[in-house]
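Before any comments, here is the structure.
The values are calculated or read from the model by the stated rules, or taken from the named source; none is laboratory data. Note that the structure is a prediction, hence the values are computed from the model and not measured. Because the Cβ atoms are built from the backbone with ideal geometry, glycine has one as well, and the counts that use them run over all protein chains shown. Just the protein is used for accessible areas: all its heavy atoms, side chains included, with ligands, DNA and RNA removed. Shrake-Rupley method; radii C 1.70, N 1.55, O 1.52, S 1.80 Å.
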Amino acid sequence: MNELVTLHTQALRGAVVPAYLDKLIAALRAARLNNTYPDRRRVQGSLETMKLAMEAGLYEQVYVDARAGLPNMASFTRVLTDHELAGGSLARMSETAHYEQKRDEAEVYARLLDKRRYFEAIQGQPHAPLDEHRVQLRRHDPATGTAEFRLDLTKLDATGLYVRITIELTQVASAWRRKVIDLDADGESAAANEAFHATVYRNASYDAEHLFIHMHDIEGVSVDRVQRGVIGPVLFRLPHEQGPVVPAEPDQGNPRLGHAWRRWLESASSDEPELLMCFQSDIAARDVREEKSNDPIEDLLSSSIQASERARYQHTRERFPFKVFKDRKFVVTRGTEGLVRAVCQAAGTKNLIYRLR
């Protein structure tokens, strides 16, 4: 189960699945996430649905992104589809009592009973979106044509991480050739155009600083703040009779963390499920007081930007002064706590580390 079944994808089956999902659910609860991050209750709801589906025998495996350690797009899509179908399926199925009476007559009735109970359990419950965006008007001054907007985007991105991006920006009518955000006739609701969405989506996997800079490539827009909250990556070691199950490609998720994880695995011997879950936040904004990275596994863009891009980078920062703050907190089991503390100590950062009990 440490092998890939397709690109960046491994399948978890059998007894390791509930242990894996239980640890993820517990870690989300322990992380004390604020609204910078994707909605914890919705992500947790999708994980709980996956667990129920496995218990009902509806699916034989959970697909995991081998880089990020989280359930992948296929797994989250199945949950979304089941929630969309639950109401209609229940309306077409017989009552629970009917299947309970018939389940000993044929296996099909037992399966239908499990399926009905599954749909009953998930109907109306929170679940995570694959891609959800909303534009809110914060302030509008018709006299000057100035409008301030807030864009929220939550998505499972191409790297397998669950991300929420918040962008606060201003656009001025006199500078528009093509508005990136349109107000309705009443000046009350807003929607972003496709070109603007494409820019955000294209850069969604990058940090807030990268996004802040690229937003200023759009004519007529002044960006005040870009903030990201990221769930993942996750590293796990699940005991199994054929050998422990671990993420297949952790080095591709975050090389620095992946390297430390590989070294930790060489001496790991616990018979208990082990987990290390990351929660990153980063802000690029005009009102950040001090530029700093308190992230032990990811540096500021300024320290790693290529020479060919440095002139453009400096020019943008001079035109639109802003500062960056990066942070990361961790949820760990007893066995992985030492690994995280060593990584933080080596980087000279002081991070929140919550231990699962």
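Of the residues making up region 140-155, those that are buried (at least 18 other Cβ atoms within 10 Å of the Cβ) and within 16 Å of GLN227 (Cα to Cα) number 5. Is it true that some residue in region 344-352 is polar (S, T, N, Q), open to solvent by less than 10 Å² (accessible area, probe 1.4 Å) and at pLDDT 90 or above? Checking region 344-352: not a single residue is polar (S, T, N, Q), open to solvent by less than 10 Å² (accessible area, probe 1.4 Å) and at pLDDT 90 or above. For beta carbons closer than 6 Å, sequence separation of 6+ or different chains, a first residue in region 217-236 that is within 30 Å of LEU24 (Cβ to Cβ) and a second that is of a type in the set (Phe, Trp, Tyr), the qualifying pairs are VAL226/PHE212; GLY229/TYR37; ILE231/TYR162; LEU235/TRP261.
Considering region 287-310 alone, what residues qualify as being surrounded by 14 or more Cβ atoms within 10 Å (Cβ to Cβ), over 30 Å from LEU24 (Cβ atoms) and not charged (D, E, K, R)? Correct list: VAL288, SER302, ILE305. Among the residues of region 244-277, write down those that are touching a Lys or Arg at 6+ places or on another chain (Cβ under 9 Å), without any contact (Cβ under 8 Å) to a residue 60 or more places away in the chain and assigned to a loop (DSSP other than H, G, I, E, B). Matches in region 244-277: PRO244, ASN254. Here TYR313 clears all of (1) in contact (Cβ under 8 Å) with a residue 12 or more places away in the chain; (2) open to solvent by 20 Å² or more (accessible area, probe 1.4 Å); (3) not in a loop (DSSP other than H, G, I, E, B); (4) not small (Gly, Ala, Ser) except the condition numbered (2). Count of region 1-38 residues, restricted to those that are under 16 Å from SER75 (Cβ atoms) and aromatic (Phe, Trp, Tyr), is 1.
Can you tell me which residue in region 115-134 is modelled with the lowest pLDDT, limited to those that are open to solvent by 60 Å² or more (accessible area, probe 1.4 Å) and either in a helix (DSSP H, G or I) or among the charged types (D, E, K, R) (or both)? Result: ARG134.
Residue count for region 43-89 satisfying the condition of being in contact with a His (Cβ under 6 Å, 6 or more places away or on another chain) and open to solvent by 50 Å² or more (accessible area, probe 1.4 Å): 0.
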